[in-house]
Amino acid sequence: MKTEQVFKALADPNRMKILNILCSRDCACNVGEVAGCCTVDLSVVSRHLAILKNAGIVSAIKRGKEVFYHVNRTEVAALLRQIAANIEKPCCS
């Protein structure tokens, strides 16, 4: 997971909304379930999910004809913790 790719993917307000939707769910969601919570078209949600997937933020599991997405919580949280730790390091004197 590359930091630059993650932040570029999260820079879009719609993708942040999609991430928040997926984080609020206890299970993986298909595109239709995610799109039901957004004001953008299903195809747009699908493209946003592909960008989040390419950045490593979400993973996809195909079940039959449907694809279900879930957040890679451990990896994303670890990356953000690492960034926070670097920010909190004391500056050199």
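The values are calculated or read from the model by the stated rules, or taken from the named source; none is laboratory data. Since the structure is predicted, the reported quantities are computational estimates derived from the model, not experimental observations. In this analysis, Cβ positions are derived from the backbone assuming ideal geometry, glycine residues included, and neighbour counts consider all displayed protein chains.
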*Within the range 35-58, can you find the residues that are farther than 11 Å from HIS70 by Cα, in contact with a helix residue (DSSP H, G or I) (Cβ under 8 Å, 6 or more places away or on another chain) and β-branched (Val, Ile, Thr)?*
VAL40, VAL44, VAL45, ILE51
_Quick check on the range 41-50. Is at least one of its residues part of a loop (DSSP other than H, G, I, E, B) and at pLDDT below 95?_
yes
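For the range 59-93, what are the residues that are part of a helix (DSSP H, G or I) and either in contact with an Asp or Glu (Cβ under 6 Å, 6 or more places away or on another chain) or hydroxyl-bearing (Ser, Thr, Tyr) (or both)?
First, the residues of the range 59-93 that are part of a helix (DSSP H, G or I): 73-88.
Result: THR74, single match.
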*Would you please list the contacts, defined by Cβ atoms under 9 Å and residues six or more apart or on different chains, that run from a residue in the range 41-62 that is touching a residue at least 12 places away in the same chain (Cβ under 8 Å) and of a type in the set (S, T, N, Q) to a residue that is outside any helix (DSSP H, G or I) and surrounded by 15 or more Cβ atoms within 10 Å (Cβ to Cβ)?*
SER46/VAL67; SER59/ALA28; SER59/TYR69; SER59/HIS70; SER59/VAL71; SER59/ASN72
*Filter the range 1-39 for residues that are in a helix (DSSP H, G or I) and in contact with a Gly (Cβ under 8 Å, 6 or more places away or on another chain); which is surrounded by the most Cβ atoms within 10 Å (Cβ to Cβ)?*
VAL6
*How many residues are of a type in the set (S, T, N, Q) and in contact with a helix residue (DSSP H, G or I) (Cβ under 9 Å, 6 or more places away or on another chain) if we restrict to the range 1-29?*
3
*Exactly one condition in (1) surrounded by fewer than 17 Cβ atoms within 10 Å (Cβ to Cβ); (2) in contact with a Cys (Cβ under 6 Å, 6 or more places away or on another chain) is not met by VAL45; state its number.*
(1)
_Just to verify a result, which residue in the range 41-78, among those that are in contact with a Lys or Arg (Cβ under 9 Å, 6 or more places away or on another chain) and of a type in the set (Ser, Thr, Tyr), is nearest to GLU4 (Cα to Cα)?_
SER59
*Which one of the conditions (1) at pLDDT below 95; (2) of a type in the set (Gly, Ala, Ser); (3) part of a loop (DSSP other than H, G, I, E, B) does GLY56 fail to meet, given that it meets all the rest?*
(1)
*Return the pairs, sorted by first residue and then second, in which the second residue is of a type in the set (A, V, I, L, M) and surrounded by 18 or more Cβ atoms within 10 Å (Cβ to Cβ), the first residue lies in the range 19-34 and is free of Cβ contacts under 8 Å to residues at least 24 places away in the same chain, the beta carbons are less than 7 Å apart, and the residues are 6+ apart or on different chains.*
ILE21/VAL34
